[in-house]
Amino acid sequence: MTIDQMQETIERLCAAGASVLGDSAAMAAFLALREALETGEVRAASPDPASPSGWRVNAWVKQGILLGFRLGVLEEFPAAGLSFVDKNTYPARHFRAGDGVRVVPGGSSVRAGAYVARGVVCMPPMYINAGAWVDEGTMVDSHALVGSCAQIGKRVHLSAAAQIGGVLEPVNASPVIIEDDVLVGGNCGVYEGAIVRKGAVLASGTILTRGTPVFDLVNGTIIRATDDLPLIIPENAVVVPGSRAVSKGKGQEWGLSLYAPVIVKYRDEKTDLSTTLEELLR
Ligand SMILES: CC(C)(COP(=O)(O)OP(=O)(O)OC[C@H]1O[C@@H](n2cnc3c(N)ncnc32)[C@H](O)[C@@H]1OP(=O)(O)O)[C@@H](O)C(=O)NCCC(=O)NCCS
């Protein structure tokens, strides 16, 4: 099959929607695309000097990758002492020494004593510690950590490298809680029992601890933890990492500023668009 024929076939199959399920010809086309991706014959984006960005996205290739998720069914991948389950269309690649690629061992782990609901997706490497609760439809992306006892709601996206702190001791300390439909952006850190209410969005790089004041520009308030309550991010707040000037002492004299999370808005249609997850990846 030439690349042009492959493109034509993939585009036709993608347009066919759910009717491709169980179609062996569709699976064959997808496997041909997967092989071509592995050999580098096709790419999802290619350099293109004529494009303003210097790159051209090959939409049909991305469509074909999504087709693989649609066609795939869950299958067990045995490995010594560990268990993996994923779409059978995307097994782990196998390399040989002759390929000249170093693949250092490592991966994901969910510790006994963690609740992980059906429909949760764990992208390697990630870790869910004992006592954590991860509810239905949540995505735990690469390098994300769900610390011990942290509570993660439904349809949450813990993006790449998001760190959700754990707390085992003191035993009465409340864990970090991330409620339903929250997006925790890449490289965020939520620690010390902070609560992120439903639908909130933490932009990449937002760090929340007990001692971090959060500046709500919409309501003109400063949110802090109190003796009785942890730091609480309100429902649907969109929090981005910002900074605030130090207003006294040496800090002021030296013109320093400190990190300050800022609520720039409350969730709207644009936020929904920015945070929409590709359902086919589930
Ligand atoms: C927060 C986020 C979802 C954008 O939400 P949005 O509702 O579309 O936000 P808007 O574009 O309307 O921005 C609102 C304001 O916040 C500012 N803002 C938005 N994102 C920001 C960010 N990450 N850092 C600083 N400021 C930001 C905008 O400039 C705008 O301010 P302005 O009106 O003064 O220009 C997006 O920035 C983000 O962080 N997404 C998560 C990315 C990620 O981690 N993905 C996971 C990969 S695995």
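The values are calculated or read from the model by the stated rules, or taken from the named source; none is laboratory data. Model, not experiment: these values are computed from the prediction. In this analysis, Cβ positions are derived from the backbone assuming ideal geometry, glycine residues included, and neighbour counts consider all displayed protein chains.
Here are some notes:
Matching residues to (1) among the aromatic types (Phe, Trp, Tyr); (2) under 23 Å from Arg93 (Cβ atoms); (3) modelled with pLDDT of 95 or more:
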site	(1), (2), (3)
Met1	no, yes, no
Leu33	no, yes, yes
Pro47	no, no, no
Ser51	no, no, no
Ala59	no, no, no
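- Single residue of Gly81, Gly107, Gly100, Gly72 found to be over 23 Å from Leu13 (Cα atoms), under 22 Å from the mean Cα position of the chain (by Cα) and either loosely packed, with under 15 Cβ neighbours inside 10 Å or at pLDDT 85 or above (or both): Gly107
- Looking only at segment 236-282, and only at residues there that are within 16 Å of the ligand (Cβ to nearest atom) and polar (S, T, N, Q), the one that is modelled with the lowest pLDDT: Thr276
- Condition check for Ser159: more than 20 Å from Leu229 (Cα to Cα), crowded, with 19+ Cβ neighbours inside 10 Å and within 16 Å of the ligand (Cβ to nearest atom): yes
- Qualifying positions in segment 152-175 - among the hydrophobic types (A, V, I, L, M, F, W, C) and at pLDDT 95 or above: Ile152, Val156, Leu158, Ala160, Ala161, Ala162, Ile164
- Failed condition for Leu217, given (1) closer than 25 Å to Lys154 by Cβ; (2) within 13 Å of the ligand (Cβ to nearest atom); (3) among the aliphatic types (A, V, I, L, M): (1)
- Residue in segment 213-230 that is buried (at least 16 other Cβ atoms within 10 Å of the Cβ), among the polar types (S, T, N, Q) and at pLDDT 95 or above present: no
- Number of the exception - Met139 against (1) surrounded by fewer than 19 Cβ atoms within 10 Å (Cβ to Cβ); (2) closer than 15 Å to Leu183 by Cβ: (1)
- Qualifying residue in segment 197-212 (condition: farther than 30 Å from Ile65 by Cβ, within 13 Å of the ligand (Cβ to nearest atom) and surrounded by fewer than 17 Cβ atoms within 10 Å (Cβ to Cβ)): yes
- Within segment 198-227, being under 16 Å from Thr275 (Cα atoms) and without any contact (Cβ under 8 Å) to a residue 60 or more places away in the chain holds for Lys198, Leu202, Ala203, Ser204, Gly205, Thr206.
Residue by residue, here is whether (1) within 13 Å of Gly193 (Cα to Cα); (2) out of contact with any Pro (no Cβ under 7 Å at 6 or more places or on another chain) holds:
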{"residue": "Ala114", "(1), (2)": "no, yes"}
{"residue": "Gly119", "(1), (2)": "no, yes"}
{"residue": "Ile128", "(1), (2)": "no, yes"}
{"residue": "Asp135", "(1), (2)": "no, yes"}
{"residue": "Cys149", "(1), (2)": "yes, no"}
{"residue": "Ile152", "(1), (2)": "yes, yes"}
{"residue": "Gly165", "(1), (2)": "yes, yes"}
{"residue": "Ala173", "(1), (2)": "yes, yes"}
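- Residue satisfying all of: in segment 130-155; part of a loop (DSSP other than H, G, I, E, B) and under 17 Å from Gly205 (Cα atoms); nearest to the ligand (Cβ to nearest atom) among these: Asp141
- Segment 89-118 residues that are more than 13 Å from Val134 (Cβ to Cβ), paired with ones that are part of a strand (DSSP E or B) (beta carbon under 6 Å, 6 or more apart): Ser109/Tyr127
- Segments classed as strands (runs of 3 or more DSSP E), wholly inside segment 12-120, with at least 3 members that are in contact with a Phe, Trp or Tyr (Cβ under 9 Å, 6 or more places away or on another chain) and under 28 Å from Leu145 (Cα atoms): 74-79, 82-87
- Taken over segment 221-279, residues that are in contact with a strand residue (DSSP E or B) (Cβ under 9 Å, 6 or more places away or on another chain) and part of a loop (DSSP other than H, G, I, E, B) amount to 14.
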